[in-house]
Amino acid sequence: MAGNSFGTLFRFTTWGESHGPAIGVVVDGCPSLLSLTEADIQPWLDKRRPGQSRYTTQRQEPDQVRILSGVFEGQTTGTPLSLMIENTDQRSKDYSEIAAKFRPGHADYTYWKKYGIRDYRGGGRSSARETACRVAAGAVARKVLGDGVTVRGALVQMGPHKVDRSRWDWAEVDNNPFFCPDPQAAAEWADYLDGIRKSGSSIGAVVEVVASGLPAGLGDPLYDKLDGDLARAMMTINAVKGVEIGNGFEAATLTGEQNADEMRAGPDGEAEFLSNQSGGILGGISTGQDVVVRFAVKPTSSILTPRQTVDLQGKDTDILTKGRHDPCVGIRAVPVGEAMMACVLADHLLRHRAYARG
């Protein structure tokens, strides 16, 4: 199986399966002499960790990270960083009844058709469990970016219910189980998702990730555009089915006058933008404004409602999936989106330093 690595100069490779003994990531291209300990990585893993509320899977994984290589006396050495997270709460028996059936909407069928074998225990490599590795890599990427760059994510829509942007408060994101910046919406979502969860179903969501403090000039025109790499990064996250930058699809409804990010000369002689319809990227290159990315996450495929499917012999059958699953997997996608944003930005920052003028 190819396709387990991501990035150019800052590059990571994940390994492991949902119900294997451990999962992990190897990060290559991290500069030397950065301060890094397990305590720098753990808070981001804790943010993604399952079982923290009734609105996420009740799988109880501590997600304790171990640094196996690439750090000496609390500093990165410039050699590959190897990070490992043990799996401690697997319940493979929950999946025994689907060993010979394909879950609709899941990767079961396509994995089997491509490889002739699949790990049905929690989805194996296709499980969202793999995203813990990305979050660990993202923690390292944040070190590369430095304290001047902030990457923050929020859930902005659950099913048909959106946040009210007039009530947006980043401080509220850590005050509710949904990473929601709108306290009123968070309260409404609680009742809504309780109903979804109790019915054994699931619902989709939209996540927004914003990076602040970036310099202008990150990214390259044409085939290495910053927004192109960000779109690809978000599309590699499990269950993501759509990505937009800035106004995204809404730009199709605007006139040229409405969509233009007008400029004026700032006090330091640099251009100041009067709006940010472009999401901080023009021509594939960062403008110095906030970079804004949104992505849509489909409903969790594993549900208790019987669905029509086929088995390994190609015969019609029905299936319902037991076990512990997220009624809205978009919730835990927030820290994953942050991590992928950080990794892309760290990669482009290192590439920018290699040839930037001045």
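The values are calculated or read from the model by the stated rules, or taken from the named source; none is laboratory data. Nothing here was measured: the structure is a model prediction, and the numbers come from that model. Glycine gets a Cβ as well: all are built from the backbone with ideal geometry, and neighbour counts include every protein chain shown. When the accessible area is computed, the model is the full protein with side chains, heavy atoms only, and any ligands, DNA or RNA have been set aside. Shrake-Rupley method; radii C 1.70, N 1.55, O 1.52, S 1.80 Å.
Within region 77-109, restricting attention to residues that are under 22 Å from the mean Cα position of the chain (by Cα) and not hydrophobic (A, V, I, L, M, F, W, C), the residue that is modelled with the highest pLDDT is Ser82.
Residues that are open to solvent by 30 Å² or more (accessible area, probe 1.4 Å) and part of a strand (DSSP E or B) were ranked within region 312-337; the one that is farthest from Arg197 (Cα to Cα) is Asp316. Taking the criterion of being assigned to a strand (DSSP E or B) and either open to solvent by less than 60 Å² (accessible area, probe 1.4 Å) or free of Cβ contacts under 8 Å to residues at least 60 places away in the same chain (or both), the residues of region 287-311 that qualify are Val291, Val292, Val293, Arg294, Phe295, Ala296, Val297, Thr309, Val310, Asp311.
Condition check: on the phi > 0 side of the Ramachandran plot and under 21 Å from the mean Cα position of the chain (by Cα). Does Gly279 satisfy that? Outline the logic, then answer.
Working: on the phi > 0 side of the Ramachandran plot: yes; under 21 Å from the mean Cα position of the chain (by Cα): yes.
Yes, satisfied.
Inspect region 191-201 for any residue being open to solvent by 40 Å² or more (accessible area, probe 1.4 Å), closer than 20 Å to Gly153 by Cβ, hydroxyl-bearing (Ser, Thr, Tyr) and not in a helix (DSSP H, G or I) and give the result as yes or no. Checked against the condition, which is being open to solvent by 40 Å² or more (accessible area, probe 1.4 Å), closer than 20 Å to Gly153 by Cβ, hydroxyl-bearing (Ser, Thr, Tyr) and not in a helix (DSSP H, G or I), region 191-201 yields no hits at all.
Can you run down the residue pairs with Cβ atoms below 6 Å, 6 or more apart or on separate chains, where the first is in region 183-197 and under 24 Å from Thr305 (Cβ atoms) and the partner is among the hydrophobic types (A, V, I, L, M, F, W, C)? Matching pairs, first to second residue: Trp189/Met158; Trp189/Phe178; Leu193/Cys328; Ile196/Ile203. Taking each residue of region 143-172 that is modelled with pLDDT under 95 and looking for partners that are surrounded by 12 or more Cβ atoms within 10 Å (Cβ to Cβ) with beta-carbon atoms closer than 7 Å, six or more apart or interchain, yields nothing. Scanning region 177-190 for residues that are open to solvent by 20 Å² or more (accessible area, probe 1.4 Å) and part of a loop (DSSP other than H, G, I, E, B) returns Pro177, Phe179.
Scanning region 22-40 for residues that are of a type outside the set (Gly, Ala, Ser), open to solvent by 10 Å² or more (accessible area, probe 1.4 Å), under 15 Å from Arg142 (Cβ atoms) and out of contact with any Gly (no Cβ under 8 Å at 6 or more places or on another chain) yields Leu34, Glu38, Asp40. Once region 44-68 is narrowed to residues that are exposed (fewer than 14 other Cβ atoms within 10 Å of the Cβ) and modelled with pLDDT of 95 or more, the residue that is nearest to Gly153 (Cα to Cα) is Arg66.
Among the residues of region 127-176, how many are in a helix (DSSP H, G or I), open to solvent by less than 40 Å² (accessible area, probe 1.4 Å) and hydrophobic (A, V, I, L, M, F, W, C)? Residues in region 127-176 being in a helix (DSSP H, G or I), open to solvent by less than 40 Å² (accessible area, probe 1.4 Å) and hydrophobic (A, V, I, L, M, F, W, C): 12 in total.
Can you name every one of the strands (runs of 3 or more DSSP E) wholly within region 208-278 that holds 3 or more residues which are open to solvent by less than 30 Å² (accessible area, probe 1.4 Å) and at pLDDT below 95? Even if it seems obvious, please write down each step before you answer.
Working: elements: 240-245, 263-265, 271-273.
Answer list for region 208-278: none.
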